[in-house]
Amino acid sequence: DAGVTQSPTHLIKTRGQQVTLRCSPISGHKSVSWYQQVLGQGPQFIFQYYEKEERGRGNFPDRFSARQFPNYSSELNVNALLLGDSALYLCASSLNDYGYTFGSGTRLTVV
Amino acid sequence: AQSVTQLDSQVPVFEEAPVELRCNYSSSVSVYLFWYVQYPNQGLQLLLKYLSGSTLVKGINGFEAEFNKSQTSFHLRKPSVHISDTAEYFCAVSDTGNQFYFGTGTSLTVIP
C-alpha cells in the first residue's frame, strides 16, 4: 500500500505570496492532520480534519487554512507568506485516532 | 494543555551500547504517549505508543519505553544500538489521540 503522499516535496516562495500544499492519505484513512516543523524543533499541530469536517485547530494565524475533499485528500493553504513560515510541513493520516502515519513532508522556503 | 520536555538535545553513544532517551510530560488529564523517529529528510515513523494497560511498551527496531505516571515520564530505551539508529527522536503526548504535542527532539548519534 502507498503511504501518505505529499506534494510538492520542495518549493520556494517569495514573501507575501500564497502557497498550497497537498496531501493524499493512505487508502481508507478518513482523518488527516497537518503539522509545521521548523528547523531544529518538534512538529507543531496546525489542523485536523475528519470526514471533511475540521476537528481541531492549533495556535496558528488565520493566514493558515485547510480543507479535506470527498476522497479524503487534503490541502493546506498559507496566505501572505512570511519568512518565519519556512518549515517542513507534515501531513499525517489515520484510520482511527492514536495511529497516525506521517508523510515525508513538503519543505517550504520563503525568501 | 499538555507539554513535553525532552531533557537531552543530543545523545552520543557507542555502537552496541545501551541508550535511554528521556521524556517528561505535563498534563492535567489522562494522556496517550508516543515516540517517533525521524531520519534525515524524511517524515516521522511511529516507534511505539502507550494508550493503556501495561506500562512497559515494546516497539519496532528493538525499542521499548516505560510509562511512569508518578514521575510523568516516558523514557525510551534500547539495550544495544546500531549505526542505523542514528536519527532524531521525538516524544509526543495527546489527550484525545488526534492532536499531538511534540517535544523538541533528541538527536541520537551512534558512534562506530
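The values are calculated or read from the model by the stated rules, or taken from the named source; none is laboratory data. Keep in mind it's a predicted model, so treat the numbers as computed, not measured. Here the Cβ is made from the backbone with ideal geometry for all residues, glycine too, and neighbour counts use every protein chain on show. Side chains included, ligands, DNA and RNA excluded: accessible areas come from the protein's heavy atoms. Shrake-Rupley method; radii C 1.70, N 1.55, O 1.52, S 1.80 Å.
Observations, loosely collected:
- Within region A:6-20, being assigned to a strand (DSSP E or B) and either surrounded by 21 or more Cβ atoms within 10 Å (Cβ to Cβ) or more than 11 Å from the chain's Cα centre (by Cα) (or both) holds for A:6, A:10, A:11, A:12, A:13, A:19.
- Test result for residue A:81, more than 14 Å from chain B (Cβ to nearest Cβ), part of a loop (DSSP other than H, G, I, E, B) and closer than 16 Å to residue A:46 by Cα: yes
- When every residue of region B:14-22 is checked against the conditions, none turns out to be open to solvent by 40 Å² or more (accessible area, probe 1.4 Å) and either within 11 Å of another protein chain (Cβ to nearest Cβ) or among the β-branched types (Val, Ile, Thr) (or both).
- Those residues of region B:23-42 which are open to solvent by 10 Å² or more (accessible area, probe 1.4 Å) and either among the basic types (Lys, Arg) or within 19 Å of residue B:87 (Cβ to Cβ) (or both), in sequence order: B:38, B:39, B:40, B:41, B:42
- If the condition is being part of a strand (DSSP E or B) and aliphatic (A, V, I, L, M), then region A:21-41 contributes A:21, A:32.
- Of everything listed in (1) modelled with pLDDT of 95 or more; (2) open to solvent by 30 Å² or more (accessible area, probe 1.4 Å); (3) within 14 Å of chain B (Cβ to nearest Cβ), the single unmet condition for residue A:104 is (1).
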